[in-house]
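Worksheet: the structure to be examined is printed underneath.
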Amino acid sequence: MSTKIKTDPAAPENPGVKFYLGLGIFIVSFFMLPTGLILKSYAPTHHWKLLIMTIFWLSAPLMKIFSIAIMGKSSYLYIQYRIRHFYHHVAKIHEVSQTRYNIGLVMFIVPFVPNYILAYAPHLFPNAYMIRSFIHFFFDVVFISSLFVLGGDFWDKLRALFSYTAKARFEEDEEHQ
C-alpha cells in the first residue's frame, strides 16, 4: 500500500511516462545537428553529405514539436509549476547577508575585467581561440551566477535601473521623515 503525500495542494501531479518520454525526445533533439555534422564527415560524396545534413537538420525541430505534442497540457502545467516553485522558494530570496551581498557584487563586477583587457591590452591574453572562448564562457557563468547570489532585492534594483520614474530611497531618508 503506497500513499502519496502532497505538500502543496495546488501542485499538479507528475504526468508520468508521457512527461519523461517527451522530455527524452526533447533532449535528444539537441544532439541531432551535431550528430549530423559528425556523420557528414564519413559520407563518400557531396550528395550523401547533403542528404545527411538535411535529415538531421530538419529532424531536430520536428522532434521538439513531437515531444511537446507527446507531453501535452498536463506536462506543461507540471513544468510551469516546478519553475514557479523553484523561483519562489530558491531563486527569489529577498533578504541576504552583507557578506553574501559583497561576494555577489564582486562576482557581478569581475567578469567585465577580461573584456576590458581584451579590448585595450589583448597581448595579455593567449592567442589561442579556445582558451579565450573558455575564459569568456567562464566569466559569463560567473556573471549569471552573481545575479542569484545577490538575491531578489538586487533584481528589483536592476529593474529600477531601466525605469525612468524609479527613485532611490535609502533607509536614512525614511528615518528623517
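Every number in this text was worked out from the coordinates using simple rules, so none of it is lab data. Keep in mind it's a predicted model, so treat the numbers as computed, not measured. Neighbour counts are summed over all protein chains in view; Cβ atoms, including those assigned to glycine, are modelled from backbone coordinates with ideal geometry.
A few remarks follow.
- Cα gyration tensor of the range 117-170 - equivalent ellipsoid semi-axes, whole Å, descending: 34, 14, 8
- Rounded to the nearest 0.05, the FRET efficiency derived from the C-beta distance between I65 and Y120 at R0 = 41 Å is 0.30.
- Residue exposure sequence - E13, E171 - by fewest surrounding Cβ within 10 Å: E171, E13
- GNM result for the chain, Cα springs below 10 Å: residue of T99, T35, T45 fluctuating most strongly: T45
- Note on F143 and A128: their simple-model spin labels are 2.4 nm apart, each label 7 Å out from Cα toward Cβ.
- Relative contact order %, the range 98-166, counting alpha carbon pairs below 8 Å whose residues are six or more apart: 44 percent
- Here the contact order of the chain, divided by its residue count and restricted to Cα pairs under 8 Å and six or more residues apart, works out to 22 percent.
- Relative to its residue count, the chain spans a Cα convex hull of 284 Å³ per residue.
- Virtual spin-label span in nm between I103 and K73, 7 Å along Cα→Cβ: 4.5 nm
- Per-residue ellipticity at 222 nm from helix content only, as computed over the chain with -39500 (n - 2.57) for each DSSP H run of at least four residues, stands at -22500 deg cm²/dmol.
- Computed extension gain for Y42 through L58, at 0.36 nm per residue and net of the alpha carbon distance, reaches 3.8 nm.
- Proxy reagent accessibility, fewest Cβ within 10 Å first, across Y101, Y87, Y78: Y87, Y101, Y78
- By the Stokes-Einstein formula, at 0.692 mPa s and 37 °C, the range 17-88 with its Kirkwood radius over alpha-carbon pairs has D equal to 239 µm²/s.
- In the chain, lysine pairs with alpha-carbon atoms under 21 angstrom apart (chain gap of 8 or more, or interchain): 9
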